[in-house]
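For reference, the structure discussed in these notes is given below.
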Amino acid sequence: MSSDYLPATTESIAQALEAPSRPESISILYRVLNNPNSSPDALRIKEQAITNLTDLLTQEKKAEELRLLLTQLRPFFSLIPKAKTAKIVRSIIDAVAKIPDTSALQISLCREMVEWTRLEKRTFLRQRVEARLAALLMEEKEYSEALSLLSSLIKEVRRLDDKLLLVDIDLLESKLHFSLRNLPKAKASLTAARTAANAIYVPPAQQGTIDLQSGILHAEEKDYKTAYSYFFEAFEAFNALEDPRAVFSLKYMLLCKIMVNQADDVTGIISSKAGLNYVGPDLDAMKAVADAYGKRSLKFFETALRDYKAQLEDDPIVHRHLSSLYDTLLEQNLCRLIEPYSRVEINHVANMIELPVEHVEKKLSQMILDKKFAGTLDQGAGCLIIFEDPKPDEMFPAALETISNMGKVVDSLYVRSARIMA
């Protein structure tokens, strides 16, 4: 026996796990994999060695070595069943995903595996790797390529009637269309995912993902009450599984409460038994927004947006709804401040609302154009001139009503004369 490899036995695995350092453990496991023995017992031990080696390389953050490992294992894959090959390949791709800043490497790795699976005619594995590649491309904002890949993949999977994969792909397509701001297609894809999911058993994590996407789409349509119920279902599913997405579901639940003018409920939800498990920056951010909204304070609102930029502005879903909330709050405050005046300096309004003059002037001009109030900006004098609401002239509606009644009389007379002539 050459010294380049170790026997594929449980003793070799135990030796690797008991090694004093991770690099030494990794070296021993590589030597076990180099063993040419292909008996059923040896193959089983090698599968265990691959699992342990993947975990150790992930802990060491050696993404490139994981990629090379997947290439080196290709001869081994011809010796084991296709289902086990698929499991190993997907576990190694998942392991690379756990290492930060490896998006480009993951995309490259998926492309390589798609090419290999095409050559080996492993359709089942190829479809799953392509679905993973489309998700990665979407995260990198390569929307056109991701959509093209999904379009061909979804036709193929529908022909094979693989319901579980179809749920994944339809859900991914819904997220992709939502990112492209195509709400009708996003809803259609989500409906397709729900239809496929109803025909099979769907794992709780997948059901939670469907509920989360449903909540996001309902929130986009301003149906915050329905969105809240979906986010709650998703939160319960993720919370039971201790999935990190639970905190996002909870954050979106709080967002819905704020958007339906129930900001007072936010503190109660955070203080609940389930909420206390997720206390952190995300929930603190939503509490700060709820407090600012409760006080109708734009200054506190902007402070919250600045202090929790990562949790609020960098989250596209929260940012979109809070932008709408901020505009509404700003308009309400400006209308309340200018109500007593017929002419007021813009600088004075800006000081009262504690915002930059340029910001206030821009918003006032927008409100005038949107006919939120009647007025004009005298930029030379730096003043806002507010007009009294014009009293509606009742003469024109009365004249139109008289003409309409006259028309009915003439029509009636015409019908009578037609009968007499007949």
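The values are calculated or read from the model by the stated rules, or taken from the named source; none is laboratory data. Here the structure is a predicted model, which is why all the values come from computation and not from measurement. Here Cβ is always computed from backbone atoms with ideal geometry, including for glycine, and neighbour counts include all displayed protein chains. Heads up: the accessible areas ignore ligands, DNA and RNA and are worked out on the full protein's heavy atoms, side chains in. Shrake-Rupley method; radii C 1.70, N 1.55, O 1.52, S 1.80 Å.
Per-residue 3J(HN,Hα) values for the range 336-341, derived from phi via the Karplus relation 6.51 cos²θ - 1.76 cosθ + 1.60 with θ = phi - 60°, read 5, 6, 8, 4, x, 9 Hz in sequence order (x marks Gly and Pro). Under the criterion of Cα pairs below 8 Å and six or more residues apart, the relative contact order for the chain equals 5 percent. Since only L79, T58, T10 are under comparison, the one whose Cα sits farthest along the positive direction of the charge dipole of the range 1-97, derived from C-beta charges on Lys, Arg, Asp and Glu, is L79. If R0 is taken as 45 Å, the Cβ-Cβ distance between H319 and Y5 corresponds to a FRET efficiency of 0.25.
Would you please give the FRET efficiency between D101 and S342, computed as 1/(1 + (r/R0)^6) with r the Cβ-Cβ distance and R0 = 56 Å, to the nearest 0.05? About 0.40, to the nearest 0.05.
The long axis of helix 224-241 is offset from the longest Cα principal axis of the chain by roughly 20 degrees.
Would you work out if the range 227-374 is rounded, prolate or oblate? Take a ≥ b ≥ c from the square roots of the eigenvalues of the alpha-carbon gyration tensor; rounded if a/c is under 1.5, else prolate when a/b is larger than b/c, oblate otherwise. Because a/c hits 1.5 or more and a/b exceeds b/c, the range 227-374 counts as prolate. Couplings for the range 349-357, taken from phi via the Karplus curve 6.51 cos²θ - 1.76 cosθ + 1.60 with θ = phi - 60°, read 4, 4, 5, 5, 8, 6, 9, x, 4 Hz in order; Gly and Pro are left as x. Measure off, as a whole percent, the carbon and sulfur share of the 1.4 Å-probe accessible area of the chain, all protein chains present. So the carbon and sulfur contribution to the accessible surface is 54 percent.
For R296 and S108, a Förster radius of 51 Å and the Cβ-Cβ distance give a FRET efficiency of 0.50, rounded to the nearest 0.05.
Using the alpha-carbon centroid of each, what span in Å lies between the range 373-422 and the range 150-191? Spelled out, the Cα-based centre of one part sits 51 Å from the other.
Extent along the principal axes, Cα only, for the range 1-108: 40, 35, 19 Å, with the longest axis given first. Other residues within the sphere of radius under 14 Å centred on the Cβ of I99, judged by their own Cβ, net out at -2 (K and R +1, D and E -1). Here the range 1-97 is assigned +1 on the Cβ of each Lys and Arg and -1 on the Cβ of each Asp and Glu. Its dipole about the Cα centre then comes out at about 440 debye. Other residues whose C-beta falls under 14 angstrom from the C-beta of Y308 contribute a net charge of -4, scoring Lys and Arg +1 and Asp and Glu -1.
Springs join every pair of Cα atoms under 10 Å in this Gaussian network model of the chain, and among S271, S25, S404 the largest mean-square fluctuation is at S404. Kirkwood radius, the chain, all distinct C-alpha pairs, inverse of mean reciprocal distance: 27.0 Å.
Just to confirm, what accessible area per residue do you get for the range 97-209 at 1.4 Å probe, in whole Å²?
50
Ranked by the mean number of other Cβ atoms within 10 Å of their residues, highest first, the peptides 105-114, 329-338, 32-41 fall in the order 105-114, 329-338, 32-41. Under the criterion of Cα pairs below 8 Å and six or more residues apart, the relative contact order for the range 1-97 equals 24 percent.
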